[in-house]
1. Which of the residues that make up segment A:63-81 are part of a helix (DSSP H, G or I) and within 8 Å of another protein chain (Cβ to nearest Cβ)?
2. Going by the conditions given, is A:Thr23 farther than 25 Å from A:Arg89 by Cβ, in a helix (DSSP H, G or I) and at pLDDT below 85?
3. Report, ordered by the first and then the second residue, all pairs with beta carbons closer than 6 Å, sequence separation of six or more or different chains, a first member in segment B:11-28 that is within 7 Å of chain A (Cβ to nearest Cβ), and a second member that is among the aromatic types (Phe, Trp, Tyr) and surrounded by 13 or more Cβ atoms within 10 Å (Cβ to Cβ).
4. Please enumerate the residues belonging to segment A:1-32 that are without any contact (Cβ under 8 Å) to a residue 24 or more places away in the chain, within 14 Å of chain B (Cβ to nearest Cβ) and of a type in the set (S, T, N, Q).
5. Residues that are at pLDDT below 75: find the helices (runs of 4 or more DSSP H) completely inside segment A:92-180 holding 1 or more of those.
6. Taking B:Leu198 as the residue in question, decide whether it is part of a loop (DSSP other than H, G, I, E, B) and either among the hydrophobic types (A, V, I, L, M, F, W, C) or closer than 30 Å to B:Glu104 by Cβ (or both).
7. Within segment A:1-17, track down each residue that is hydrophobic (A, V, I, L, M, F, W, C), over 19 Å from A:Ala77 (Cβ atoms) and at pLDDT 80 or above.
8. Would it be correct to say that B:Thr231 is under 19 Å from B:Ser182 (Cα atoms) and touching a helix residue (DSSP H, G or I) at 6+ places or on another chain (Cβ under 9 Å)?
Amino acid sequence: MSARLLALGVVLLTALLLQSVVTPMIAIGGWGPDIVLAAVVAFALIDGAETGARFGFVAGLGSDLLSGGPHLVGLMALVFLLVGEGAGRLRPYLSGSEPVTAVAVSAVAGIVAFGLFGGMSLLLDIRSFTFLLIVQGALASAAWTAVTVPLAMVPVRAISRRFTGGETAATGSSVAGRQW
Amino acid sequence: MMKTMPEPRRRSRTLLAVLVLASLVLITVDYREGEGGAVAAIQRGALTVFGPVAEGFSTVVQPIGNFFGSIAELGSLRARNAALEADLREIREQQVSRAELERENEQLRRQLDMRERLGFTTTAAVVIARPPSNIERSVLLDVGADNGLLPGMAVINEFGLVGKVTEVTAGNARVELLTSPSARYGVRIDESGELGFLTGSGADPFQLELLDLEAEVSPGAQVVTHLFTGTSIPDAIPVGVVKERRGPSSRFLEVAPYVDFTRLTTVQVVLNFPSAPSELPEEEQVPAPELPRPKVEDSKAEDS
């Protein structure tokens, strides 16, 4: 269990570093991928809702703590927690489907994540979000998440198989995981 | 009997509720405390720890990131490259046209200086065409009868005599260059006043034949035009400089032209000059001597 936690920690740290260092370099039109979100969705699709929620909360908290400015600590934790939980709950319905379904789920996760974050920021009046900006960000997030989640699922699946402990271990195997 | 939820699902929901609650508490605390609170202090501590790690990571992945970044920017880079190339072309064209304008301006200024010095009334003209053959030594100007041009008028530039107008239309004029083998001008040696006739010789130096059979002229002497009756070529326009003797007789000389006939772009057509033959007293006018024209060599042979 401790080895699994360590592996998840390494994944999270790597995702945070990639998010901080690499993402700005590959942004298109000012919108870059959210590697941390991709890792959350990947864990949720492979290991299930519980792992998705836990990893989402910790990953979101890490993002919160490393974000400066008017960003409220806890906001990203809540968003990633809900997205991880939601994506994980969809996992059983991906059974027997084509990989494109997982891509579609990732895209929806991207929209929901940015929509929730933008919407709550708008409500709390902590950022200069506008409705148009939220729509643009949600669409960009959908595209990037759809691209990055399949890539993130490769190492996440390997870790999940090597260090069992999620719902994969409890239920035997992940059909979605097999798909990828 | 109350239906109970399976243990894993209940645990999952409890966990979800706890995590949601924890998030909301964090948001609330951070919102209320602001920058001076405990959450902000933890945030600063996390950044202090993460900063050096991110810096080290950045050093490692920077080249990779740059590579992917350049791929991501490929479209915009291409567009930017095309825009920069277009700008560069435009700047080069502007530089060329600016240099051309400066050169033309300088040329015209010198021509005006010469006009002022000689006291002529002139009109500026641009050389718009040259004959397609290498044999004919003439140019076409962008001015004509509408600008007051008449056949026989002298054409000068900043260095000296270029030729004379031979054909005129309403908007254009053809100028026979001084280099034309058929061109023949009355000239004099500026220092000594020795009179003679100058003939064009294609690409070769002008041929000068002095009237005085025993005249002695040193190389380097300046040759200028001389006013003869019946011509409209003004007096004292620089033509060239004596180069050397042509043959055993001192009467026959070669004259190097001042004007570069291969680089004619703008010229001045002399419309009027102060001492036209008709305005001179009869006794001061020198009749044009009737001398046989020197044999004109084959211009094709000269060109080659």
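The values are calculated or read from the model by the stated rules, or taken from the named source; none is laboratory data. What you see is a predicted model; the values in this text were computed from it and never measured. Here Cβ is always computed from backbone atoms with ideal geometry, including for glycine, and neighbour counts include all displayed protein chains.
1. Residues satisfying the conditions are A:Asp64, A:Leu65, A:Leu66, A:Leu75, A:Ala77, A:Leu78, A:Leu81.
2. So A:Thr23 fits the description; yes.
3. B:Leu19/A:Phe57
4. Answer for segment A:1-32, where residues must be without any contact (Cβ under 8 Å) to a residue 24 or more places away in the chain, within 14 Å of chain B (Cβ to nearest Cβ) and of a type in the set (S, T, N, Q): A:Thr14, A:Thr23.
5. The helices (runs of 4 or more DSSP H) meeting that bar are A:167-171, A:175-179.
6. Criteria not met by B:Leu198.
7. Of everything in segment A:1-17, those that are hydrophobic (A, V, I, L, M, F, W, C), over 19 Å from A:Ala77 (Cβ atoms) and at pLDDT 80 or above turn out to be A:Ala3, A:Leu6, A:Ala7, A:Val10.
8. Yes.
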